[in-house]
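Peer 1: What follows is a structure written as structure tokens; I'll ask about it next.
The values are calculated or read from the model by the stated rules, or taken from the named source; none is laboratory data. The shown structure was predicted, so the numbers you read here are calculated from the model rather than taken from an experiment. Here the Cβ positions follow ideal geometry from the backbone for every residue, glycine too, while neighbour counts run over all protein chains shown. We work out accessible area using only protein heavy atoms, side chains counted, and drop any ligands, DNA or RNA first. Shrake-Rupley method; radii C 1.70, N 1.55, O 1.52, S 1.80 Å.
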Amino acid sequence: MDIEKILSETDLAAKAPVSEPERQYYYIGKARELVRRRAEEAGHPLRFCVTTFGCQMNARDSEKLAGILKQIGYVEEPDEDKADFVIFNTCTVRENANQRVYGRLGQLHHEKKKRPDMLIGLCGCMMQEPGVVEKLKKSYRFVDLIFGTHNIYKFAELIVTRLMSDRMVIDIWKDTDQIVENLPNDRKYSFKSGVNIMFGCNNFCSYCIVPYVRGRERSREPEDILAEIDCMVRDGVVEVMLLGQNVNSYGKNLKNPITFARLLEQVEQIGGLERIRFMTSHPKDLSDELIEVMAHSKKICKQMHLPLQSGSSRLLKIMNRHYTKEDYLLLVEKIRKAVPDISLTTDIIVGFPGETEEDFKETIDVVNKVEFDSAFTFIYSRRTGTPAAAMENQVPEGIVKERFDRLLSAVQEISARKTAGAVGTVQDVLVEEINAQDASLVTGRTSQNYIVHFAGSPSQIGSIVPVRLDESRGFYYMGTQII
Ligand code: SAH
Ligand code: SF4
Ligand code: F3S
């Protein structure tokens, strides 16, 4: 994709094209002119800062926002308080994510009073909640631009609307069946990248707001995914993370249906690509075919994130997860048999409505039986509009906190034991960055996704090297490169 060539062929004096992505290229051209003028007035290039909350999908979306901003002439500025355009890409999966955004907005308001030319944009999952937008319209009038998860590809067009109008611009869509390909994006890392393979979610787990804010499940065409990865690899990427809320149901609704396992096989064929990861796998849709493909693959990393949520079959049913405790344990057994040294990680919710001590003990039982390499543990958060929010038997805070602490210590004890078990082994490590504390060290990840620090040089970033794990320190290892 040669943006300059496309732009040179776009007539900015004509009306905006109707089809995408041509329409967005037209607006990128328009925005460039407006940004150039503003920068001249300011006497310096305009700076942007995108702050991302939430999951890897949001992180990838932020790369798309940054790609468009750079194309229209903004330069990146890591410090929010110095930026001319601050964008919060928000998450609403738990209440505390929302609170953080309101807190940060309050701080930004002070800054904006000093610098009225500053722009503030809000997007992402939180904006898909009508109550949030109402609150912003009423009490946060200083925000310039609000858009949602379905129309981020329109960012350039929205910026032009805002720059031409000088009023708060709000554009939120309820849902979409559109996927716009071939827009700019700006990868955070040169050597690894997330790749969306699908958007949205159809599962409606009863506690979860994601299906309401991300819309219905839509898969990208395999050709588009493969072309994007191919292009990334030619640009230096060696590791991709295929992203979807439930990658195991990838491709089911395409005109020519294809399974996730088949897609993986095709991604594996891309020469120059070294590592493939994916997330998230829903246990209910994880097929034998996928396990088979993983067992034979040379590139799929030995790591799987397999959210459990609860070990109680009774609660799993009310959560609408479509598997039982036994199904989950059996699945883990099958996966471990096929890929013996696989690292398994999970998500667990504590304090789902009606959770009894017995239910909780079932969760601890699964944790002890599976021995997860690590687990993300969450206190249940009531999300307006979800079925669980209307359930009357919410668990008292004190009990939830006490269970949460017990779960956390069980998880940490197992994870420390597991990491200690790998000491002495030699692993392939993808070198990712210079160590923040000690510049003589580099930091990388093993296939199992463990973090390793070892003596190395910046020139190694992006390459895969063998490293002996000398010492485990909880969440990471100290190692030595084997030459
Ligand atoms: N699609 C993924 C999860 C996306 S959300 C999956 O199905 O596994 C990431 C995690 O947030 C979930 O796995 C769940 O553990 C947690 N989560 C979602 N809604 C929550 C809520 N209301 N309260 C607490 N944790 C929640
Ligand atoms: Fe939420 Fe369930 Fe969809 Fe995951 S699968 S995003 S937990 S509704
Ligand atoms: Fe949050 Fe949206 Fe991801 S709600 S977890 S950012 S899909």
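Peer 1: How far is the Cα center of segment 371-427 from the Cα center of segment 187-236, in Å?
Peer 2: Going from one Cα centre to the other spans 26 Å.
Peer 1: List the GluC sites (Glu not before Pro) within segment 322-403 that fall in a DSSP loop (any state other than H, G, I, E or B) and whose Cβ has at most 11 other Cβ atoms within 10 Å.
Peer 2: Glu392
Peer 1: What is the Cα coordinate range of segment 385-468 on the first, second and third principal axes, sorted by size from largest, in whole angstrom?
Peer 2: The principal-axis extents, from largest down, are 58, 31, 23 Å.
Peer 1: Further, regarding this structure: What are the residues whose amide H is under 5 Å from the amide H of Gly194, where those residues sit 5 or more places off or on another chain and H is modelled from the backbone?
Peer 2: Sorted by chain and number, the residues that satisfy this are Met241.
Peer 1: Quick check for you: with a 1.4 Å probe and neighbouring chains kept, what is the accessible area per residue of segment 213-312, in Å²?
Peer 2: Result: 38 Å² per residue.
Peer 1: How big is the chain by the Kirkwood estimate over distinct Cα pairs, in Å?
Peer 2: It is 24.2 Å.
Peer 1: In Å, what Kirkwood hydrodynamic radius results for segment 77-234 from the alpha-carbon pair distances?
Peer 2: One decimal place: 17.3 Å for the Kirkwood radius.
Peer 1: In square angstrom, what is the accessible area per residue of segment 84-160 with a 1.4 angstrom probe?
Peer 2: 37 Å²
Peer 1: Work out from phi, with θ = phi - 60° and the Karplus expression 6.51 cos²θ - 1.76 cosθ + 1.60, the ³J(HN,Hα) of each residue of segment 463-475, listed in order in whole Hz, and give x for Gly and Pro.
Peer 2: Working through the residues one at a time gives 9, 9, 10, x, 9, 8, 7, 8, 8, 9, 10, x, 8 Hz.
Peer 1: Can you tell me what share of the DSSP beta bridges in segment 343-476 is antiparallel? A percent to the nearest 5 is fine.
Peer 2: For segment 343-476, the DSSP antiparallel bridge percentage is about 70.
Peer 1: Let me ask something else. Whole Å is fine, so just give me how far the alpha carbon centre of segment 280-324 lies from that of segment 63-142.
Peer 2: What the calculation gives is 35 Å, centre to centre.
Peer 1: Return the carbon/sulfur percentage of the accessible area of the chain, one whole number, probe 1.4 Å, all protein chains in place.
Peer 2: 52 percent
Peer 1: Could you order peptides 156-162, 475-481, 448-454 by the average number of other Cβ atoms within 10 Å of their residues, highest first?
Peer 2: My ranking of the peptides, most packed first, is 156-162, 448-454, 475-481.
Peer 1: Taking C-beta distances below 4.7 angstrom as the pairing criterion, name the unpartnered cysteines of the chain, in sequence order.
Peer 2: Cys49, Cys55, Cys91, Cys123, Cys125, Cys201, Cys231, Cys301
Peer 1: Translational diffusion coefficient of segment 19-61 at 20 °C, 1.002 mPa s, Stokes-Einstein with Kirkwood Rh over Cα pairs, in µm²/s as a whole number.
Peer 2: 167 µm²/s
Peer 1: For the chain, find the longest principal axis of its Cα atoms and tell me its angle to the long axis of helix 222-234, 0 to 90°, nearest 10.
Peer 2: 80 degrees
Peer 1: May I ask you to list the trypsin sites (Lys or Arg not before Pro) in segment 265-330 that are in a DSSP loop and have at most 11 other Cβ atoms within 10 Å of their Cβ?
Peer 2: In loop regions of segment 265-330 (DSSP not H, G, I, E or B), the sparsely surrounded trypsin sites (Lys or Arg not before Pro) are Lys298.
Peer 1: Mind giving me the nanometre distance, one decimal, between the label points for Phe376 and Asp428, set 7 Å out from Cα along Cα→Cβ?
Peer 2: In this crude label model, Phe376 to Asp428 measures out at 2.6 nm.
Peer 1: Continuing with the same structure: Which aspartates and glutamates, if any, have their Cα less than 17 Å from the Cα of Lys361, not counting same-chain residues under 8 positions apart?
Peer 2: Glu326, Asp347, Glu371, Glu402, Asp405, Glu413
Peer 1: Taking only the C-alpha atoms, wrap a convex hull around segment 10-164 and report its volume per residue in Å³ as a whole number.
Peer 2: Enclosed volume per residue, from the Cα hull, is 115 Å³.
Peer 1: Please compute the Cα-Cα pair-distance distribution of segment 336-406 with 5 Å bins starting at 0, giving whole percents from short to long.
Peer 2: 3, 14, 23, 21, 16, 10, 7, 4, 1
Peer 1: While we're looking at this one, here's another question. Given the pairs Lys188/Lys252; Lys82/Lys114; Lys325/Lys369; Lys154/Lys252, which are separated by over 19 angstrom at their Cα positions?
Peer 2: Beyond 19 Å between Cα atoms: Lys188/Lys252; Lys154/Lys252.
Peer 1: Which aspartates and glutamates, on any chain, are close to Lys255 with Cα under 18 Å apart, when same-chain ones fewer than 8 places away are left out?
Peer 2: By straight Cα distance, Lys255 reaches Asp177, Glu181, Glu217, Glu221, Glu223, Asp224.
Peer 1: I would also like to ask the following. Angle, helix 397-421 long axis vs. longest principal axis of the chain, Cα atoms, 0 to 90°, nearest 10?
Peer 2: 70 degrees
Peer 1: I've got another one for you. Charges on Cβ only, +1 for Lys and Arg, -1 for Asp and Glu, centred on the Cα centroid of the chain; of Ser219, Cys91, Leu105, which one is farthest towards the dipole's positive end?
Peer 2: Checking the options against the dipole of the chain, the answer is Leu105.
Peer 1: Amide H neighbours of Ile146 under 5 Å, counting only residues 5+ apart in sequence or on other chains, H built in-plane at 1.01 Å?
Peer 2: Amide H neighbours of Ile146, under 5 Å, 5+ apart: Leu122, Val169, Ile170, Asp171.
Peer 1: Let me ask something else about it. Are there GluC sites (Glu not before Pro) in segment 1-80 that DSSP puts in a loop and that have at most 12 other Cβ atoms within 10 Å, and which ones?
Peer 2: Of the GluC sites (Glu not before Pro), the ones in loops of segment 1-80 whose Cβ has at most 12 other Cβ atoms within 10 Å are Glu9.
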